[in-house]
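Reviewing the structure listed below.
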Amino acid sequence: MLTLAIMIAISASPAASGLFALEKVTDMTGTTRSSAGLDDRRKRLLFRCWHRGTREMDLILGGFADSQIGDLSDQEVAELENLLEVPDPDLYAAFSGGKPLAAEHVTGIFTRIQRYVDEAHRR
């Protein structure tokens, strides 16, 4: 269901509101991953990825974190912490292709999340 939600959110037209983009999603319960086995830094990141403030970004970043947080290098963790400082509208626009992200935020982790979003969109 998470993949469907990401596909719907990302494939919405740029003029569509977030509510319109997710209107077909009926089950958005959040994380499917336990934080067991993660260090405190990664536990905080997992929580922050699922509690962004907008549901679209919760689904994108939370879904990515569920699947990848345990495999991130320390450098990628630092990049993700930095990326989470970007406001949701700017991140959503960057992931949906509506507006490029500021160059200082286009790092390896941004590219990795973009690949995750693109793969979910193809499914």
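Each residue of region 36-53 was assigned a 3J(HN,Hα) from its phi angle through the Karplus curve 6.51 cos²θ - 1.76 cosθ + 1.60 (θ = phi - 60°); the sequence is 4, x, 8, 6, 4, 4, 5, 4, 4, 5, 4, 4, 4, 5, 8, 10, 7, x Hz, with glycine and proline shown as x. At full extension, ARG41 and ASP90 could sit 15.2 nm farther apart than now, given 0.36 nm per residue minus the alpha carbon distance. In order along region 103-119, phi translates into HN-Hα couplings of 3, 5, 9, 8, 10, x, 6, 4, 4, 5, 5, 4, 4, 4, 5, 4, 5 Hz, rounded to whole numbers, per the Karplus curve 6.51 cos²θ - 1.76 cosθ + 1.60 with θ = phi - 60° and x for Gly and Pro.
Distance between the pseudo-spin-label points of GLU104 and SER67 (7 Å out from Cα toward the beta carbon): 3.0 nm.
Bear in mind that the values in this text are calculations on the coordinates, not laboratory data. Here the structure is a predicted model, which means the values were calculated and not measured. We place every Cβ from the backbone using ideal geometry, glycine too, and count neighbours over all the protein chains shown.
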